[in-house]
Structures are given as structure tokens and as C-alpha cells.
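Since every read-out is calculated from the coordinates, none of them should be taken as a lab result. Bear in mind that the values here come from a model prediction, so they are computed numbers and not experimental data. Don't worry about glycine lacking a Cβ; one is built from the backbone with ideal geometry, like all the others, and counts go over all protein chains shown.
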Amino acid sequence: MTALRPMPQDAGAEDIRIAGALFDVIATRTADVEGVSRPAFSEVETRTLAMLVDFARDQGFDAWYDAGGNANFCLPGHRDADRFTVVGSHVDSVPFGGNFDGLAGIVAGLICLVRAASDETSRIKPLHVLAMRGEESAWFGPCYIGSKALTGKLSASELAARHKGDGRSLDEHMADIGIPMNEVRGGKPLIDLSRIEAYLELHIEQGPLLIGKNIPAAVVSGIRGNIRHRAIHCVGEAGHSGAVPRAFRRDPVLAMADLLVRLDESWSTILQKGDDLVLTSGVVGTDPERHAMSRIPDEIMFSLDMRSQSAATLEEMRTLLSEEMRQVERDRKVRFEVDEELYSQPALCDPSLVAGLEAAMERAGQAPFVMPSGGGHDAAVFGAAGVPSAMVFVRNQNGSHNPKEAMELPDFIAAVDILYEFLKVPS
Ligand SMILES: [Zn+2]
């Protein structure tokens, strides 16, 4: 084990020591040239699960693998409970990723078990901690593979997706691990979902809100859905930058800028109404081979990513996008060519779980704070499969999917406190 972190003299000191040691040993053993790399359905992922199993058995917990090849942990006596709460997340990471994205949610569940095992004053509801494989889309393309397989929701096209390194299909990679692929292909859940009372996931926040508000943890209200376009083309007419007067131009760059400003104005109006929306054009460009400083380009390509917690707002934006495009086409004599829309539905967290977690947050001595999640998580898959689901976020510097993600252990413990308070059986 690597050196432990300094131990503050407070009640959570032992939790911090145990969690810090577990995070450190896994970071060290899954390190890449920068950050960590734990590819989905890889040998490194299998090894990470084995490290968690070793830890759990050392603590005296039950540990087993489910049919999806994921590791499960509970206190002795809780494995066969008729109904139980699951605290879970994913062990895989993006290439050169951070150590906490995913892993924090599993360690949080394990710390709840550690606390419960030594808690002489209170009991917790039956709890299964679930360490899942394959959440990140970086390796095969599809995301939430582990939780989709468990809930019987992996599609044929997802199973046919090729690994970006070796080109073999996801189906083959999953079969290698011993997952019963006939059941997965048949859309059969690999676990009995009816036994799961609730699915809870602690995750690092991937945006800057909690840092800005100086709050260590928050309850998540829901996961934003999105409408995305990989490549919208705007086609105009090429010309000499010095020779073509404004009235004769069909400039696709200004047309795209015009469109984005219009969408930005609507975004502001939507926020003023109190609705939720974020909007991004992350890829924008003319072809540098064909275009030059002194040439009006004839074409520009851009991506568009619009996310909201409200399906109605997304629908409103879809309509608005096409109306504004028609207007810009008329005003600027250009043409928009829109590629296939990618859609993912917003997933609201279960309202009674959100209320329960808010109350737990208060009991843990924290002012309740609820916020939406910008990124997608396994919780949305469980929610879509009919399992009441909710999430807790931990403050985290520098976003995620990079080695600089920085979660402070006292913040992590504050978020674990919320889960633990929630799991306690009222005395
Ligand atoms: Zn994650």
C-alpha cells in the first residue's frame, strides 16, 4: 500500500484513512503514463474488481460476482435479503482518466458497510454494494454497458460495436469474461431487479457548481437528457474576401454564428423562465485544405449538443433549431444540412428518494442542496428499468475524464454521511 494521507482528528478520520488507502492502492496498480486507464471489459478492470473483493473479504464482508461479471459486496446475512438497496457505480475509466470517476461510488458503498459493521447504536437496511464494469463510452462507443447488460437493455448494434484498440466486438469481449451472451442478446436481465428497493450512486461532480457554491456534496434531482448532432453542415458560396460585397455574400460562417447567437438568446429566455438547459457547439470548422484567410468559405461544419432535465424543453429546442435554421437560410441565402439526431431522454431521480436523501443530508448536519446532473450515469439505466434511483454528488475540482480531477476526502466523507444517514433504519 502507498503512504496514507494525513489523518485529521475528527470522527471521520478512520473512514478517511481506509478510503484513502483503497483509492491509493487502486490508483497505483491501474496507473498509466498519466492518470489511470481501466478499459471496459479488460484484464485491468478484472484486476480492479479483484482488489475490491480482497478488501471486502479482509473486512469480513460477503463478496461475489454476478452473471454480468460485476463484483457485489454486503454484510454477512444480507446477501439473501428479499429486498435490498444497491449502492453502486463503475470501476472502468477513460484512457488517462482520473481515479475517482466511478470508483468513488463503490468505495462510498464499502465505507457504509465498514461503518455499519462497527456501528453499535444503529442498524442499516440490507445493502448490496455493486462494482460495475464498462460504463465509459471511450472503448467501444456505447456507454453504460455493464448496467445495460444487467437490466437486459443492451441492443444488437451496441453488442456489435468494435473495440477501438483490437477491433473485436463488444459481444466477443463480454463472452471472454464468461458473461452468458445468449441472455444478454435476448434482452433478459441478468439479476432479479424486483429485489432492488433503490439504486443509489455517489459520483464526483463533473462541473464547477459545488466548487463555486462552496458546498461539499449535493443530492441530484435528475440526469439531463440530450439532443445531439455530430456534424451539421452549413453550405453557402465561396468567393474572394476582398471582392464580394456584403449583399452578394452567402457566407456559411456568419450564418452559423447567427444561428448560434439566436439559440443563445433563447437559452437565456428559457433560464429566465426557470427551466433547465445547456447548449454547446464543441466542434466547429471550415476545411483548412480548401479554405484560406482571403476566401469566403463555401461550407462550415459544426456539432451541437443541447441538454436539459426537461423533455419538453428539449422538444422546444428541437423545434426552435429548425425554425431558426429556416430563418437564417432565408436571411443569408445558405443551406443547413442536418445529420441524424442522437437523442437521450432526461431521467428524473425518484422523487421520494430525493426527498429522503435531502432529509438525510439535514440529519448529517448539512444544508440540503439539490442540483441536476449534466453527465449521464448508470443510475439513469436502473431508473429506466423501473428501479427507483437517485444520486449524490461530491465536489470535485477540474472536471472529470482527466487525471487532474481532484476530490478531497473530507468532501467524499460528507457525501458518504448522506448515504449512511439515508440507509439507517430509524430506531
Ligand atoms: Zn462516471
Amide H within-cut-off set for residue 299, under 5 Å, with H built and near neighbours excluded: 236
For the stretch 119-162 and the stretch 293-322, distance of Cα centres in Å: 31
Positive-end residue of 61, 134, 159, charge dipole of the chain with Cβ unit charges: 159
The stretch 50-97 versus the stretch 365-424: alpha-carbon centroid distance in Å: 18
Karplus-derived HN-Hα couplings along the stretch 294-306 (A = 6.51, B = -1.76, C = 1.60, θ = phi - 60°), whole Hz, x at Gly and Pro: 9, 10, 6, x, 9, 7, 9, 10, 8, 9, 9, 9, 10
R0 of 51 Å, Cβ-Cβ distance residue 65-residue 214: FRET efficiency to nearest 0.05: 0.80
Helix axis angle, 103-118 relative to the chain longest principal axis, alpha carbon, degrees: 20
Rounded to whole Hz, the Karplus (6.51, -1.76, 1.60) HN-Hα couplings of the stretch 397-414, x for glycine and proline: 7, 6, x, 9, 6, 8, x, 8, 3, 9, 9, 8, 4, x, 5, 4, 5, 4
Per-pair calculated FRET efficiency, R0 = 41 Å: residue 32 and residue 233 via Cβ, rounded to 0.05: 0.65
Environment charge at residue 255 (Cβ cut-off 14 Å; Lys +1, Arg +1, Asp -1, Glu -1): 0
Between helix 311-332 and the chain: long-axis angle, C-alpha atoms, 0 to 90°, nearest 10: 20
Mean Cβ neighbour count within 10 Å, used as a protection proxy, ranking 400-408, 206-214, 218-226 highest first: 218-226, 400-408, 206-214
Ordering of 363-372, 39-48 by packing [mean C-beta count within 10 Å, highest first]: 39-48, 363-372
Using alpha-carbon coordinates, inclination of helix 13-29 to the longest axis of the chain, degrees: 60
Residue 132 long-range amide H proximity, modeled H, under 5 Å: 89, 90, 91
All-pairs Cα distance distribution in the stretch 226-344, expressed in whole percent, bin size 10 Å: 13, 43, 29, 12, 2
Distance in nm between pseudo-label sites at residue 425 and residue 384 (7 Å out along the Cβ direction from Cα): 3.5
Spatially proximal lysines relative to residue 153 (Cα-Cα < 16 Å; intrachain offsets below 8 disregarded): 188
Computed label-point distance, nm, for sites residue 185 and residue 123 using a 7 Å Cα→Cβ extension: 4.6
Whole-Hz ³J(HN,Hα) from phi, Karplus 6.51 cos²θ - 1.76 cosθ + 1.60, for the stretch 265-282, glycine and proline x: 5, 5, 4, 4, 5, 4, 5, 4, 6, x, 8, 9, 7, 9, 9, 9, 10, x
Net charge of neighbours whose Cβ lies under 13 Å from the Cβ of residue 131, counting Lys and Arg as +1 and Asp and Glu as -1: -4
Relative packing of peptides 236-242, 196-202 - highest average C-beta neighbours within 10 Å first: 196-202, 236-242
Mean shadow area of the chain over all directions, Cα convex hull, nm²: 23.2
